[in-house]
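A short reminder: the numbers here are calculations on the coordinates, not readings from a lab. Please read these numbers as outputs of a predicted model, since none were measured by experiment. Using ideal geometry, Cβ is built from the backbone for each residue, glycine included, and neighbour counts are taken over all protein chains shown.
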C-alpha cells in the first residue's frame, strides 16, 4: 500500500533511498538544507518543503537519514522540527546511525506526543542505496514495523526485525559497523605485510575474497588494494563517530571492546594526517605508514 512520506536528508544515501520510494509509487515530500538536492528529486515527482515541519505535517511517516546525533536532534527537536508537526499516530522512521541514548530519547518523546517511532538503520554504501540493495534493520513495536514494510521493501533487498525496543536496531548497526572497521584494520595490517613481501595487492585480494566469499571483503578490499579513497562513499570522520558510539554502548553494557579502542586511535591518527574526508577504508594507510610504506 502506498503511503504519504516525508524524507529528510538527501545526502549520498538519502537521495538514493528517496528516489526508490518515488519509484515504488509512494507520495514523497522532501527536505534538505541544500535545496539543489531537493530539486533533483522534484524532477522525478517529489514535492519540496521549506522546513522539516513543512515536510511532515500531512505525512503518514517521516524518514530521516542524517549524519549524526546533532543533526537528528536539530531536525526533530529544533525550530520547525519534526516532533512539533508530525501528526498523532504518524511514524518517525530514523535511518541514521545514531547513539543508543538518542534512540531511546526519540522513542520516549514521540510516545509522549502519541506519535510512532522506529529505528531503521541500514547497511550499504551509496551505490547500494541507489540500486535498492540495502540491508534494512528495523526495531520497534511490531505493529508499526508491519505498517511500514512496504517502505522497507522499496529501499532494500532484505529487512531484519531485530527487536521491539528501537535502540536494539542501533546496537546492531553500531556493532556491524565496528565489524567492518575491524575488517579494515585487518586488511591494513595484512596488505602492509604482503606489500613488503613484494606480493601483488591484487593477488592477495583475489586469494582473500576467494577464501572468505564476501561482497564486503571484495568491495572494501578493492578500495584498499587500489588505494582508491576518494571520492568517499563513507567519510572517515563519520567512521570515527560510529566507533566512538559503539564504545559508548560497550561502556554502558560493561562489554569490553579493546579492538574498537585500537581502531578509534587509528582513525584519530588518520584524521591527524588529513584523511577526515577520505573514505573510511583509508584508515588502512595508518598500518602502511607504520610499516614504512608511506
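Write down the percent of antiparallel bridges among all DSSP beta bridges whose residues are both part of the chain, to the nearest 5.
Numbers: 4 of 29 bridges.
Expressed as a percentage, antiparallel bridges in the chain total about 15.
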Query raised in the report: After finding the eigenvalues of the alpha carbon gyration tensor for segment 1-65, what semi-axes result from the square roots of 5 times each, listed largest first in whole Å?
Result: 15, 13, 10
Query raised in the report: So what's the gap between the Cα centers of segment 36-98 and segment 192-222, to the nearest angstrom?
Result: 41 Å
Requested in this report: Could you work out how far helix 215-226 tilts from the main Cα principal axis of the chain, as a 0 to 90 degree angle to the nearest 10?
Outcome: 50 degrees
**Report entry** Simple label model, 7 Å out from Cα along Cβ direction - residue 2 to residue 289, nm
**Finding:** 5.2 nm
Query raised in the report: Which angle from 0 to 90°, rounded to the nearest 10, does the C-alpha axis of helix 100-112 make with the longest principal axis of the chain?
Result: 0 degrees
Report summary line: With Cα coordinates, the longest principal axis of the chain makes an angle with the long axis of helix 236-252, in degrees rounded to 10, of 80 degrees
Query raised in the report: What percent antiparallel are the DSSP beta bridges of segment 4-164, to the nearest 5?
Result: 10 percent
Query raised in the report: Quick one: if the Förster radius is 45 Å, what FRET efficiency do residue 50 and residue 142 give, using the C-beta to C-beta distance and rounding to 0.05?
Result: 0.80
Query raised in the report: R0 = 25 Å: FRET efficiency of residue 193 with residue 277, Cβ-based, nearest 0.05?
Result: 0.35
**Report entry** segment 4-164: radius of gyration over Cα atoms, expressed as a fraction of 2.2 N^0.38 Å
**Finding:** 0.92
Query - q = 0.11 Å⁻¹, the chain: log10 I(q)/I(0) [Debye, one scatterer per Cα] - result: -0.66
Query - Virtual spin-label span in nm between residue 112 and residue 36, 7 Å along Cα→Cβ - result: 3.9 nm
**Report entry** Fluctuation leader among 196, 58, 241 - the chain, Gaussian network, Cα springs under 10 angstrom
**Finding:** 196
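Can you pull the Rg over Rh of segment 182-231, Cα-only, Kirkwood? Before the final figure, lay out the partial values.
Details: Rg = 10.1 Å, Rh = 10.8 Å.
Radius of gyration relative to Kirkwood radius: 0.94.
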Report task. Taking all pairs of distinct Cα atoms, average 1/r, flip it, and tell me the Kirkwood hydrodynamic radius of segment 45-130 in Å to one decimal place. Result -> 13.2 Å
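Which order, highest average first, do 259-269, 130-140 follow once you tally other Cβ atoms within 10 Å for each residue and take the mean per peptide? Show your work: numbers first, answer last.
Working: 259-269: 17.9, 130-140: 21.7.
Descending packing order for the listed peptides: 130-140, 259-269.
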Report task. Could you check which residue among 66, 211, 118 shows the biggest mean-square fluctuation in a GNM of the chain with a 10 Å Cα cutoff? Result -> 211
Query raised in the report: Based solely on its DSSP helices, what 222 nm [θ] is calculated for the chain when runs of n ≥ 4 H residues each add -39,500 (n - 2.57) and the sum is averaged over all residues, nearest 500 deg cm²/dmol?
Result: -16500 deg cm²/dmol
Query raised in the report: Can you pull the Kirkwood radius for segment 171-290, inverse mean 1/r over Cα pairs, to one decimal in Å?
Result: 14.5 Å
Query raised in the report: Among 188, 221, 25, which one moves the most in a GNM of the chain with springs linking Cα atoms closer than 10 Å?
Result: 25
Report task. Grab the beta carbon distance between residue 269 and residue 248, set R0 = 22 Å, and tell me the FRET efficiency rounded to 0.05. Result -> 0.60
